[in-house]
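Novice: Below is a structure I'd like to ask you about.
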Amino acid sequence: MRPVSLFARNALRATSASSSSSSAWLAASSSSSARRAALPSTRWFSIKAEAASDFTQKALDASRLSVTETQSPKPLSEPETLVFGKEFTDHMLSVEWTIEDGWLDPKITPYQNLSLDPATCVFHYAFECFEGMKAYKDKDGRVRLFRPDKNMARLNGSAARIALPTFEPTSLIELIGKLTKLDARFIPQKRDYSLYLRPTLIGTQKTLGVGAPGSALLYVIASPVGPYYPTGFKAVSLEATDYAVRAWPGGVGDKKLGANYAPCIVPQTQAASRGYQQNLWLFGDEEYVTEVGTMNMFVVIRDKQSGVKELVTAPLDGTILEGVTRDSILTLARERLVPEGWKVTERKYTMKELDEASREGRLVEAFGAGTAAIVSPVRTIAWKGRHVDCGLKETEESGETAARIRDWIEAIQYGEEEHEWSVVVD
Ligand SMILES: Cc1ncc(COP(=O)(O)O)c(C=O)c1O
């Protein structure tokens with residue numbers, strides 16, 4: 001259960017009581033008024049410890065799920081026509097939370113609009129965090145999730161950072177499993193196709209007062225998606241962004257908050273206007289390489305003296321999103337590349353180091369890593385008015401390492417290789 005300090009709890013109660021009016025909130029507050037009435041020493045605005053003595057929150061309980069199936073199932077699109085994030089399945093999962101009662105009963109309902117008061121805190125102060133994960137259909141038609149525990153842990157970390165409630169990870173995984181099974185007909189049974197899942201958590205309290213939300217909504221929507229590279233790998237060219245930073249020490253760049261994404265669009269569109277598919281985020285006077293667009297960045301550098309190949313990615317110092325793909329790549333590389341004589345390192349590296357390695361012919365490969373594409377090979381990086389060549393031949397769209405890693409991860413995701421990371425939905 002989310003640790004809530006006594007002071008925070010009472011502050012929350014005060015704001016919630018004065019300003020929220022959603023039906024869930026009213027229902028919750030009337031049941032807790034009854035509880036308070038039974039405790040004569042408890043006062044609504046008290047800051048005394050005993051004021052919190054009736055504070056019991058319900059955990060997220062998957063067994064209380066209700067399912068209302070759609071009466072008008074959507075027609076399925078031809079898989080080849082799917083565009084990322086444009087089409088959604090028949091149903092959605094939602095669970096409300098209130099400071100008084102905790103998680104209310106989960107519901108699967110037909111996919112529908114949300115109705116929120118214009119004063120709802122998510123619209124004003126960005127109380128929003130989300131996840132991006134996928135469900136896959138294996139050759140036997142079973143639905144599989146890939147490392148859902150990692151997404152749950154990250155969502156809880158994001159939620160806690162912005163004063164939203166946390167939840168029991170296994171319950172949400174079970175509920176997501178129910179949603180994906182119900183909408184399984186939307187997942188094409190083909191390699192490279194999947195169901196993109198978007199768990200989202202928002203503050204729903206109706207108030208312009210800035211404070212921890214007294215109510216929240218967790219919902220999950222699902223979108224069938226096709227291959228990231230419909231015609232095979234396509235290496236991208238990057239522009240190193242030197243006039244804006246994505247994240248900074250002590251900030252929230254390591255959390256998956258919606259507020260982290262909107263400010264990244266202008267640098268990305270500026271890079272696009274100059275002919276680059278993505279921008280590369282640098283940090284500090286040293287120009288440390290951090291992330292690429294919305295992916296973690298990996299490079300392969302050959303050591304000057306020993307010739308040993310090193311797979312390098314930036315360390316989790318608070319400015320890097322802890323990618324599930326990043327972790328999977330590091331784990332598999334340590335298992336499979338280190339025995340081949342490689343070094344696998346999480347360390348800081350700079351554009352200067354890449355430029356030097358490139359000019360000496362030692363920058364073997366560079367690629368982004370994330371759920372959407374698994375890996376995205378990089379051809380060049382525009383930096384300080386020149387192009388840093390990332391090791392691909394003109395005729396190549398991917399280096400060997402990126403291609404091997406993609407194969408390893410896909411084999412696990414589609415259940416071709418039995419692995420604990422791939423969770424079959426019962
Ligand atoms: C900023 C950022 N970095 C990295 C990633 C990759 O994370 P994952 O591998 O979990 O998809 C994402 C994914 O959305 C991201 O938004």
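No value in this document is a laboratory result; all are computed from the given coordinates. Everything quoted here is computed from the prediction, not taken from an experiment. Every residue, glycine among them, receives a Cβ derived from its backbone with ideal geometry; neighbour counts consider all protein chains shown.
Novice: What is the projected area of the convex hull of the Cα atoms of the range 236-419, averaged over all directions, in nm²?
Specialist: For the range 236-419, averaging the hull's shadow over all directions gives 10.9 nm².
Novice: Then there's this: Just to be sure I follow: if Rg is taken over the C-alpha atoms of the range 318-423 and Rh is the Kirkwood radius over the same atoms, what is Rg/Rh?
Specialist: That ratio is 0.99, to two decimals.
Novice: On to the next question. Throw me the Rg/Rh for the chain, computed over C-alpha atoms with Kirkwood Rh, two decimals.
Specialist: That ratio is 1.01, to two decimals.
Novice: I'd like the orientation of helix 148-161 relative to the chain: the angle between its Cα long axis and the longest Cα principal axis, in ° from 0 to 90, rounded to 10.
Specialist: Helix 148-161 sits roughly 60 degrees off the main axis of the chain.
Novice: Can you pick out the pairs among Lys139/Lys256; Lys74/Lys150; Lys178/Lys255; Lys74/Lys134 whose Cα atoms lie more than 28 Å from each other?
Specialist: Distance filter (> 28 Å) returns Lys139/Lys256; Lys74/Lys150.
Novice: Can you give the Kirkwood hydrodynamic radius of the range 320-368 from its Cα pairs, in Å with one decimal?
Specialist: Final number for the Kirkwood radius of the range 320-368 is 12.4 Å.
Novice: Also, I was wondering about something else. Relative contact order of the range 236-419: what whole-number percent is it, with Cα pairs under 8 angstrom and at least 6 residues apart?
Specialist: Worked out over the range 236-419, it gives 22 percent.
Novice: Another question, if that's okay. How large is the convex hull of the C-alpha atoms of the range 138-275 per residue, in Å³?
Specialist: Hull volume normalised by residue count: 170 Å³.
Novice: Same structure again: For the chain, what does the relative contact order come out to in percent, with C-alpha contacts under 8 Å and a separation of six or more?
Specialist: Once normalised by length, the contact order is 16 percent.
Novice: Report, in degrees rounded to the nearest 10, the 0 to 90 angle that the Cα long axis of helix 324-336 makes with the longest principal axis of the chain.
Specialist: Once rounded, one gets 50 degrees.
Novice: Hey, another quick one. For Lys352, which lysines qualify as cross-link partners when the Cα separation must be under 19 Å and same-chain residues fewer than eight apart are set aside?
Specialist: By straight Cα distance, Lys352 reaches Lys304, Lys309, Lys384.
Novice: Here is a follow-up. So which aspartates and glutamates pass the test for Lys234, namely a Cα distance under 17 Å, with those fewer than 8 places away in the same chain ruled out?
Specialist: Once the sequence-local aspartates and glutamates are set aside, what remains near Lys234 is Asp192, Glu365, Asp389, Glu394, Glu396, Glu397, Glu400, Asp407.
Novice: Here's another thing I want to ask about it. On a 0 to 90° scale, report how tilted helix 6-19 is relative to the longest principal axis of the chain, with both axes built from alpha carbons and the result rounded to the nearest 10.
Specialist: 70
Novice: Okay, next question. Please give the per residue volume of the convex hull enclosing the alpha carbon atoms of the range 62-225, rounded to a whole number of Å³.
Specialist: So the per-residue hull volume is 118 Å³.
Novice: To continue, here is another question. Rounding to the nearest 20 debye, state how big the charge dipole of the chain is about its Cα centre with +1 on each Lys and Arg Cβ and -1 on each Asp and Glu Cβ.
Specialist: So the magnitude is around 820 debye.
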